[in-house]
Amino acid sequence: MAMNTAPDVTLWVKAEPFTYASIPVAPHPRLSSSNIKRILTYAKTKGPEGFPSLSYTVWRHIAVNKMQLTEDLAWMYFKIYDLFMQRTSEEKLSIDKLLTNCRAVSERTSQKEMFFVHTYTFVLFLYIQQMHKISLRNSFNASTEAWPTRPRSPPDSTRSSSQSSKALDEQSHFLFVQQHLNDILELLVEPDSVGANINDKRLSVEAVKSLSYIFMGSLKRDNISSPFHTIALYPQIQGISGYSKLTQSFSLRNLQFWISKSLAIGPYSISSLLNNGRLLNWIIPKQTEKNDKLKGRIMTNANIVPDNQMEGNKAILITHVNGKTIARSSTTLEHSTVKIHRCNQSQFYLLSPLRSSTIVKCRNSTIVLGVVDTVVHVDKCERIKLIVACRNIMVSSSSNCTIHLMTTTRPLILSSNENICLAPYHTYYATLERHLLQTGLHPNQKMWNQPLCVGPDHDPERQPVWNVLIPRDLNHFKIPFIFENVQEPITSALPCPLPTEYAKAYEEMQSSITSWKRKVRDMGLENAERREYQDFVQQSFQLWLSERGLQTQLDQLSVNE
């Protein structure tokens, strides 16, 4: 009789929890691994309010009273974790409305107390924040950065492969889990639980199910991605994953050995996208210049991600696109994670509902995104204008950027920023309201100017690194494209009104323009004088375009028509 051997298994670290659910700044000192372990122990003593689901009331008590976090920080962690929970768009919209429509602080507090999260998974989420913990040893060894909060990309001049630099984040996630796997599993151990060996601790099935928050895997024989716990409980895998039918629990030692042996870089990573993804022809040939030193690329992994695994895995990479205008609304773009990397002097109009977005090392560019369901992270950017409706935004290591926001949570201003200007959302496109409904994002203009500054370099006695746009400087931003075959209803105005002071300033500006037009009309110019005046205005406008380098943008708009 042939032996029933266990199938080969590949496990990998999911990118989304590490890339978007972890805050890229050193966590609060009290949010240590030992204290996170105590959270689970304490939660189990609080009955239904603490375990298996943790209420915000209990978490706030732990965070504020026991760990000395501020209440704002406690809610920030709770809410960011909640962004990535499986909910319908109707449920998301209902939650947004409840919090947005609160008029008093006490009313908002009461609504927050209705929130619960899965205790095991929330503990893992808190532990992931340790990835950005400052290491004195690493700081000593770093020759160019005294206090690094994340691995730095190698300099351009030393890059032998674009793949190695693009894979840096996923490699750091892999190494973090690999090095801290025992600590991660120890968090979930049942108190006083041991196996046949007194040194072998045990994990419940529920605890192992929570590991599906950070792991996925596949059986090599069918190559179908599955949640971690499904594979760990697969009948032919149980013998090596450490599961015991007798105790209905897992051996920590065996589980750790199996995970370590099976762990690899995931099939939906950026390196996999670069090797196996599909090139998107979004850069119009007329825009491409022969003397480009670094040819821009736009790629997607939609061709290699299974339909049932698109959420959080389907990605589009836009890299080294310089001096171009890209305008897209497509099914390929829908619900994808968009990463815009090292783009300069470009304009992007990506008008589809997105899962998340990273904008990193971009300069002198305008970026208009469709509705983003979870998080937008702006990192190491200079002089960009970003216009976006999203649930959360993080800004780090950036300078002289203007961000027009429609958001349901407080913007996060992290470390090493300078002159970040926040402004209300001030544009619309034909399908905006439909995208808001699809993502369940409630339109409001209440949170855009209430940032939460997180990180050691925010000193209340120093000048803030952020400011608010002066009302008279706001103009409605016109999307210069009309996409064909747009179904009803069509958005023809801002989905939420501008704040009062901005609406008033805009009306005054429009009134001035109307008054100027009336004066020109009433000047009684002859036809020749009128033509001369029009030529003067046109020449002045062309000079203004030339001085600001805007003529190229207009030329590219005509190419994109």
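Read-outs: derived from the displayed coordinates by stated rules, not from any lab. All figures in this text were calculated on a predicted structure; none of them were measured in a lab. Every residue, glycine as well, gets a Cβ built from its backbone with ideal geometry; the counts of neighbours run over all protein chains shown.
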>> Going through the cross-link list LYS112/LYS504; LYS66/LYS112; LYS14/LYS295; LYS446/LYS478; LYS92/LYS504, which pairs have a Cα-Cα distance over 27 Å in this structure?
In response: LYS112/LYS504; LYS14/LYS295; LYS92/LYS504
> With each label point set 7 Å from Cα along the Cα-Cβ vector, what nm distance links VAL64 and GLU190?
Replying inline: 3.5
>> Quick one: 3J(HN,Hα) in Hz for the range 471-480, Karplus 6.51/-1.76/1.60 with θ = phi - 60°, rounded, Gly and Pro as x.
In response: x, 5, 8, 8, 10, 4, 8, 8, 6, x
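So what's the net charge close to LEU354: Lys and Arg +1, Asp and Glu -1, counting the other residues with Cβ under 15 Å from its Cβ?
+3
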>> Between SER399 and ARG531, what is 0.36 nm times their sequence separation minus the Cα-Cα distance? Round to one decimal in nm.
In response: 43.1 nm
> Say R0 is 22 Å: what FRET efficiency, to the nearest 0.05, do ILE513 and ILE482 get from their beta-carbon distance?
Replying inline: 0.40
> In a shell of Cβ-Cβ distance under 10 Å around ASN364, excluding ASN364 itself, what net charge do Lys and Arg (+1) and Asp and Glu (-1) give?
Replying inline: +2
>> For a Förster distance of 56 Å, can you work out the FRET efficiency between the beta-carbons of LEU181 and SER540, rounded to the nearest 0.05?
In response: 0.30
> Mind ordering 174-187, 48-61 by average Cβ neighbours within 10 Å, highest first?
Replying inline: 48-61, 174-187
>> At R0 = 60 Å, how high is the FRET efficiency between SER330 and MET523 if r is their beta carbon distance? Nearest 0.05 is fine.
In response: 0.75
> Where Lys and Arg each count +1 and Asp and Glu each count -1, what net charge lies around ARG472 among other residues with Cβ under 13 Å from its Cβ?
Replying inline: -3
> Between SER106 and ASN35, 0.36 nm times their residue separation minus their Cα-Cα distance comes to what?
Replying inline: 22.6 nm
